[in-house]
Amino acid sequence: VQVVESGGGLVQAGGSLRLSCAVSGTMFTDGAMTWYRQAPGEQYEMVASITSAGKANYADSAKGRFTVSGDDDTNTRYLQMNSLKPEDTAVYYCNLWLLNYGHFWGQGTQITVSS
């Protein structure tokens with residue numbers, strides 16, 4: 001099982017980015033995809049998650065600005081991030097959890113929001 005992230009980069013405050021987490025080696029069933037981020041000198045922070053049933057959950061810092069979604073045809077989950085702020089600057093990681101398989105991490109992608 002592999003999780004490949006894409007979509008990070010540099011954006012100005014107020015801009016948008018979309019992170020993609022593509023799963024290969026298995027279908028995304030009976031599990032959840034969670035996005036975490038880690039800013040320099042900070043601990044990991046859960047940002048958002050979506051279950052295989054489509055139930056989404058958001059950190060308070062993400063509510064109203066970030067949206068998770070999925071495409072079963074491509075086995076990919078997305079984190080749409082709007083109204084980005086400098087404090088959103090961090091390395092973002094996908095974590096795939098599958099029942100009976102465990103956890104699989106993406107490689108991480110840097111997001112930098114300039115003021």
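The values are calculated or read from the model by the stated rules, or taken from the named source; none is laboratory data. Keep in mind that this is a model prediction, so the values were computed, not measured. Using ideal geometry, Cβ is built from the backbone for each residue, glycine included, and neighbour counts are taken over all protein chains shown. Remember, those area values only see protein heavy atoms, side chains included, never the ligands or the DNA or RNA. Shrake-Rupley method; radii C 1.70, N 1.55, O 1.52, S 1.80 Å.
In segment 19-100, what GluC sites (Glu not before Pro) fall in a loop by DSSP, with at most 12 other Cβ atoms inside 10 Å?
Passing sites in segment 19-100 are Glu42.
At a 1.4 Å probe radius, carbon and sulfur cover how many percent of the accessible area of segment 25-90?
45
Among DSSP beta bridges whose residues both lie in the chain, state the antiparallel percentage, nearest 5.
90
Considering only protein heavy atoms, what per residue accessible area in square angstrom results for the chain with a 1.4 angstrom probe?
Dividing the accessible area of the chain by its residue count gives 52 Å².
For a distance above 18 Å, tell me the whole-number percent of Cα pairs in the chain that qualify.
Of the Cα pairs, 45 percent sit more than 18 Å apart.
Size of the dipole of segment 59-115 about the Cα centre, Lys and Arg at +1 and Asp and Glu at -1 on the beta carbon, nothing else charged, in debye to 20?
160
Could you please state, rounded to a whole Å, how far the C-alpha centre of segment 76-97 is from the C-alpha centre of segment 1-70?
That distance is 5 Å.
Provide the packing ranking of 50-56, 74-80, 88-94, i.e. peptides ordered by the mean count of other C-beta atoms within 10 Å per residue, highest first.
88-94, 74-80, 50-56
Put +1 on the Cβ of every Lys and Arg and -1 on every Asp and Glu Cβ in the chain; which of Met33, Ser115, Thr89 then has its Cα farthest towards the positive end of the dipole?
The Cα lying farthest towards the positive end belongs to Ser115.
Name the most mobile residue of Gly31, Gly102, Gly15, meaning the one with the largest mean-square fluctuation, in a Gaussian network model of the chain with Cα contacts below 10 Å.
Answer for the Gaussian network model of the chain: Gly102.
Order the following by accessible area, largest value first: Lys63, Lys85. Probe radius 1.4 Å; ligands, DNA and RNA are ignored.
Accessible-area ranking of Lys63, Lys85, largest first: Lys63, Lys85.
Label Ser83 and Ala53 with points 7 Å out from Cα along Cα→Cβ: what is the distance between them in nm?
Rounded to a tenth, the inter-label distance reads 2.9 nm.
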